[in-house]
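**Student:** Would you mind keeping the following structure in view while I ask a few things?
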Amino acid sequence: MPTRTEIHHLLTAHDNLGEPIPTWNHPECVYALTITFMVLATVCVALRIFTRVKQHCIGWDDYILMATRVAATACSVAVLHSVSHGLGQHFSQLGTGTMIAFQKDFYIALLMYIVSTALVKVCFLTQYFRIFEAGTTIRMVCWICLTVSALWGIAFFIIGAAPCVPLSAFFDWTIDARCYGYGSRNYNELFATFVAHSSLNSLLDLIVLAIPLPMYLQKKTTSWKQRASIASLFGFGILVFGISIWRLGSIVGHRAATWPVMDPTWYACSAIVLAVVEVDMASMCASIPIFWPILQDGWGRIFVTQEIEIVHESRLSGDTQYGGSGRGSMFLHTRQGSDCSTKLVNLAKMPQPPPRAHSEDPLLQQDPALNALAGSGWELQAHCESQPEESSEQ
């Protein structure tokens with residue numbers, strides 16, 4: 001393994017200390033993006049689980065998503081912790097103790113990222129089992145994709161869990177050890193490992209998203225609610241796919257933070273933050289199509305009511321006539337020999353006022369047959385037209 005002098009030479013082979021600080025490298029940016037998406041994703045997953053429990057249909061896909069959320073949250077916490085250990089700064093400017101502390105944070109974040117990206121794909125595929133019937137071709141495709149995703153996740157988990165033997169050499173580069181993959185001191189091997197995982201991750205994302213598209217195109221056999229869920233799933237999925245491609249481009253741009261000089265805390269900051277955003281967005285993508293229709297329906301029940309207007313028709317013997325000119329108001333007319341017409345109207349949807357007591361409504365007092373309407377959201381309104389008085393012989 002390289003000595004401290006050789007490590008210092010690797011980190012200072014190119015002078016990049018004069019480079020402007022990228023936006024990603026500011027602690028405020030790291031904190032804002034990481035915390036915001038972590039909270040949003042957690043809320044979305046909680047709403048999904050609440051919806052499934054309420055509907056008594058919780059399944060394996062929900063348990064897998066909860067495990068995904070745990071891994072993604074651990075990844076986010078490790079990234080937040082790494083800010084105090086040099087993330088966003090030049091690696092060569094850190095002390096030996098800080099370098100080791102950052103490598104430990106990065107190890108946890110990397111491992112949890114690998115776990116969460118694999119689990120979220122398995123979550124989507126097990127969710128598809130609820131939709132596609134057994135024995136169909138598309139269900140077989142789901143099983144194949146699930147197997148490939150699981151094997152892909154297990155393979156990279158092993159590479160990430162034991163990048164060096166002994167493991168302590170991954171944190172302290174001066175320890176003599178055999179390192180490979182994510183811990184390799186060969187820059188080409190290190191770069192190839194990151195690119196292999198990221199590119200396969202993006203490819204699998206695209207395949208998983210494309211599986212339900214044939215169902216979306218079958219308008220005659222697919223309900224509009226199912227098509228809406230598939231459309232929202234695909235829309236959010238494309239955003240996740242775009243973020244994964246963006247992250248891959250960041251890795252390629254600086255060859256996994258090794259070009260023009262080895263500086264992981266400086267050049268890898270954008271890829272690390274994008275990894276957090278990616279897994280959080282994937283959790284939201286898996287959750288929103290599940291709870292949103294229920295949330296929308298509940299929201300409508302809060303703000304939407306039916307209001308009925310009833311116009312009572314009667315022959316008034318005197319000069320008194322009651323009428324309604326809107327909600328909660330009564331007015332009094334005096335007219336001789338008037339006729340009134342009755343109609344039932346469904347008015348605009350709006351919140352109902354507090355019910356009025358029977359004793360406060362003079363019309364209900366006069367017409368006991370309408371007492372059932374009190375406080376029920378039904379209102380009375382009298383529309384009257386004047387009629388010519390009948391002549392009588394004296």
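The values are calculated or read from the model by the stated rules, or taken from the named source; none is laboratory data. Here the structure is a predicted model, which is why all the values come from computation and not from measurement. Cβ atoms come from the backbone with ideal geometry, glycine included; neighbour counts cover every protein chain shown.
**Student:** Given (1) of a type in the set (Ser, Thr, Tyr); (2) touching a residue at least 40 places away in the same chain (Cβ under 8 Å); (3) not in a helix (DSSP H, G or I), where does Thr221 come up short, assuming only one miss?
**Tutor:** For Thr221, the failing item is (2).
**Student:** Among (1) surrounded by fewer than 15 Cβ atoms within 10 Å (Cβ to Cβ); (2) within 25 Å of Arg139 (Cα to Cα), which single condition is Pro212 missing?
**Tutor:** (1)
**Student:** Here is a list: Ile243, Ile251. Which entry is at pLDDT 95 or above and over 30 Å from Trp173 (Cβ atoms)?
**Tutor:** Sole residue among the options that is at pLDDT 95 or above and over 30 Å from Trp173 (Cβ atoms): Ile243.
**Student:** Under the condition of being touching a helix residue (DSSP H, G or I) at 6+ places or on another chain (Cβ under 9 Å) and aliphatic (A, V, I, L, M), which residue from the range 22-38 is nearest to Asp172 (Cα to Cα)?
**Tutor:** For the range 22-38, the residue satisfying everything is Val30.
**Student:** Looking at Cys145, is it touching a Lys or Arg at 6+ places or on another chain (Cβ under 8 Å) and surrounded by 16 or more Cβ atoms within 10 Å (Cβ to Cβ)?
**Tutor:** Spelling it out, Cys145 is indeed touching a Lys or Arg at 6+ places or on another chain (Cβ under 8 Å) and surrounded by 16 or more Cβ atoms within 10 Å (Cβ to Cβ).
**Student:** Report, ordered by the first and then the second residue, all pairs with beta carbons closer than 6 Å, sequence separation of six or more or different chains, a first member in the range 61-80 that is farther than 10 Å from Ser283 by Cβ, and a second member that is of a type in the set (D, E, K, R).
**Tutor:** Asp62/Arg52; Ala78/Asp105
**Student:** Does the range 160-215 hold any residues that are among the small types (Gly, Ala, Ser) and either part of a loop (DSSP other than H, G, I, E, B) or not assigned by TED's automatic domain parsing to the domain that holds Phe129 (or both), and which are they?
**Tutor:** Answer for the range 160-215, where residues must be among the small types (Gly, Ala, Ser) and either part of a loop (DSSP other than H, G, I, E, B) or not assigned by TED's automatic domain parsing to the domain that holds Phe129 (or both): Ala162, Ala177, Ser184.
**Student:** Scan the range 87-118 for residues that are closer than 19 Å to Arg247 by Cα, touching a residue at least 40 places away in the same chain (Cβ under 8 Å) and part of a helix (DSSP H, G or I) and jot them down.
**Tutor:** Phe106, Tyr107, Ala109, Leu110, Leu111, Met112, Tyr113, Ile114, Val115, Ser116, Thr117
**Student:** Which one of Ala71, Ala41 is over 16 Å from the mean Cα position of the chain (by Cα), surrounded by 18 or more Cβ atoms within 10 Å (Cβ to Cβ), more than 30 Å from Asp15 (Cβ to Cβ) and of a type in the set (A, V, I, L, M)?
**Tutor:** That would be Ala71, the only listed residue that is over 16 Å from the mean Cα position of the chain (by Cα), surrounded by 18 or more Cβ atoms within 10 Å (Cβ to Cβ), more than 30 Å from Asp15 (Cβ to Cβ) and of a type in the set (A, V, I, L, M).
**Student:** Given the condition under 27 Å from the mean Cα position of the chain (by Cα) and of a type in the set (Phe, Trp, Tyr), answer yes or no: does some residue in the range 108-116 qualify?
**Tutor:** Yes: the range 108-116 contains one or more residues that are under 27 Å from the mean Cα position of the chain (by Cα) and of a type in the set (Phe, Trp, Tyr).
**Student:** Checking the condition in contact with a Ser or Thr (Cβ under 7 Å, 6 or more places away or on another chain) and at pLDDT 95 or above, which residue from Leu119, Leu111 passes?
**Tutor:** Leu119
**Student:** Could you look through the range 244-292, keep only residues that are without any contact (Cβ under 8 Å) to a residue 24 or more places away in the chain and not in a loop (DSSP other than H, G, I, E, B), and pick out the one that is farthest from Thr193 (Cα to Cα)?
**Tutor:** Tyr267
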